[in-house]
Structure formats: structure tokens, C-alpha cells
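Remarks on the structure that follows.
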Amino acid sequence: MKRFEDKNIIVTGAASGIGRATALRLGEEGGKIWCVDINMVGAQQTADEIKAFGSEAEASTLDVTSYDACKNFIDEVIAKWEYLDVLCNIAGISSMVRFEDETAANFNKMLAVNLLGPFNLSQVAIRHLLARKGNIVNLASVAGQIGQAYTSSYVASKHGLVGLTKSIAMEYGRQGLRANAVCPGAVNTPLIGKINFPKDIEMSLIDRYNFLPWFADPEEVAAMVAYVASDEARYVNGAVLAIDGGISAG
Ligand code: NAI
């Protein structure tokens, strides 16, 4: 399939995990991909892999929490590419902590990366996306749909991201711009490996977040992002797409 020929696409979090898999998938399908991450080495590696199979790719270091940096970045993209079709907000962080031990600093950091980041880039890119009747894909989580013990800040950030996605979808849908949220359960990426479980937690409260006996691979999530970002999904707007093995079903 070559659903992204002539499409200019930004992917954040492109150095690792789901962002990397998405950049590779969209590039494989003919898209021109701008790989963005705070990890420049990883972003460049992903861009080089995309170029190796014949698509165009760029890489930039960007901290999505900075509005000014996001604005300068979009200016740079438009100066070089002229137009933008798809923005995939995938960069994110997570941590696990009891609510009573959570700090305001960590809460703010979680919201800055997972919610303010997509806000920043979406806002500075919106007029360019509107000009192409493009779309935004926000990588939320099952934690954007249901509550989860020991991850209150993460859950708050992802619920916020789902709300932001739906609001953009409502505000701009009639002008031809779509915005959707993809909500995975557990995916085999470094993010999961880095999570430290707090001591003496009630495991029965978190058992249900691993409903199937296996995790998803990042490529499976990338396939869903590719569908919703493509013209095949032109009637999919404001949707919250679960890929969670059934966790959010009950
Ligand atoms: P990952 O840790 O493999 O990749 C995240 C990437 O985001 C990293 O390359 C990191 O450098 C980048 N990043 C972090 N802060 C940034 C910032 N301020 N500016 C720019 N880039 C930044 O994690 P993974 O698993 O691929 O996560 C991707 C997204 O998927 C996240 O939004 C995460 O919340 C979401 N997600 C992941 C799940 C999982 O089980 N792995 C489940 C549900 C959602």
C-alpha cells in the first residue's frame, strides 16, 4: 500500500517505540516524514532507515513542551516542505506512583509532555493542516478512557488529550480537518520497560490492565495510526480508537 505518496508528515517521539514504528510505516507507504524527538540520535536513525527504503525523511531535535520551539519548528518545516498533511503527536512519558506520593512537579511534567506538547504543535500547525484538509493523530492510551490505579498524572494527561482531540475535531471538522485519538493498552516499548512499580501496591488493582496474555507490538499500533491518518479514514473524525486487547470493554 502507498497511502501517503505526496503527503508531508510530522511524527513526534520518532526515536523510539510507537513513534519510530509509525514513522517507518508511513514512510514505507510513500510519505515524506519529519522525525522529531528530544533524542536526536534516535530520530536521525529512524530518518536514515526511512531513506534506506526510498522515501524522503528529515530529523530534528524538539522538546514539544516549548511553544516557541514548536513554532520555530513548524516554520522550518513549511519553509522546506511548503505544506503539511499529517501531524502525529506520539511523544510521551509515563510513571507509576501512589497518588499520595505524587508531586506537583511530576504532575506538571506529565501534562507538559503528554498534553501541552500536542496542544503546542497542533496549534502552530493548524492553519497549514487546514490548507491541505489534513489530519492530526494523537497517541493517547486506554488511560485516556478509564481510570487506572497508581498512574493518576498519566491518566489525567491522557484524558486531557482525548478531550483536546475531540474538541479540535468539533471545531474544524466542517472545514475538512480531522483529529483522532489512538488508545493502546500495553505495548512492547522502552516506555513500559522503564516503569518502576511502587512498593507494596495492590496488584489486583492493576491486573486488569494486562487483560490478554500478550502485549501489542509497536508495529500493530503504527498500523492503526496509518489507517486513521490515511484518506481511507476520511469519515473518521473525533474518534477514540481502542487497541487495548479489550481492557476498555468492561
Ligand atoms: P517510548 O519511550 O519508546 O518513546 C517515547 C519517545 O518520546 C522517546 O523517544 C522520547 O525521547 C520522546 N519524548 C519524550 N519526551 C519528549 C519531549 N518533551 N519532546 C519530544 N520527544 C519526547 O514510548 P512509547 O511506548 O513508544 O510511547 C509513545 C506514546 O504511546 C506515548 O504517548 C505513550 O504515552 C503512548 N502509549 C504507550 C503505551 C505502551 O504500553 N508503551 C500504551 C499506551 C499509550
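Each reported figure results from applying straightforward, stated rules to the coordinates on display, with no laboratory input. In this text, all values refer to a predicted model and were calculated from it rather than measured experimentally. Note that each Cβ is placed from the backbone with ideal geometry, even for glycine, and that neighbours are counted across all protein chains shown.
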*What are the principal axis extents of the Cα atoms in the chain, in Å, biggest first?*
53, 38, 33
*Measuring from label point to label point, each 7 Å out along Cα→Cβ, what is the Phe211 to Asp68 span in nm?*
4.5
*At what distance in angstrom do the alpha carbon centres of region 1-20 and region 202-237 lie from each other?*
17
*For Lys158, go through the lysines and keep the ones whose alpha-carbon is under 26 Å away, minus same-chain ones fewer than eight residues off.*
Lys71, Lys109, Lys133, Lys166, Lys194, Lys199
*Potential lengthening between Ile192 and Arg98 on full extension [0.36 nm per residue; Cα-Cα distance subtracted]*: 32.1 nm
*Taking every pair of alpha-carbon atoms in region 81-179, what share in percent sits in each 5 Å bin, from 0 to the bin with the longest distance?*
3, 14, 23, 21, 15, 11, 7, 4, 2, 0
_Take Ser204 and Met40, extend 7 Å from each Cα along the Cα→Cβ direction, and tell me the distance between the two endpoints in nm._
5.2
*Taking the convex hull of Cα positions in region 154-250, its mean projected area over all directions (nm²)*: 7.4
_Cleavage-rule hits (chymotrypsin sites (Phe, Trp or Tyr not before Pro)) in region 209-250: DSSP loop, at most 14 neighbouring Cβ within 10 angstrom_ = Trp214, Tyr235
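For region 176-235, which GluC sites (Glu not before Pro) are in a loop by DSSP, counting at most 14 other Cβ atoms within 10 Å?
Working: sites: Glu202, Glu219, Glu220, Glu232; in loops: Glu202.
Loop-located and lightly packed - Glu202.
Report, in debye and to the nearest 20, how large the dipole of the chain comes out about its Cα centre when Lys and Arg carry +1 and Asp and Glu carry -1 on their Cβ. Could the numbers behind the result be given before it?
Working: 22 positive and 28 negative charges, 115 e Å.
Roughly 560 debye, rounded to the nearest 20.
For the chain, what does -39500 (n - 2.57) per DSSP helix run (n ≥ 4), summed and divided by total residues, give at 222 nm, in deg cm²/dmol to the nearest 500?
Details: 8 runs with 101 residues, N = 250.
Roughly -12500 deg cm²/dmol at 222 nm, from the helical runs in the chain.
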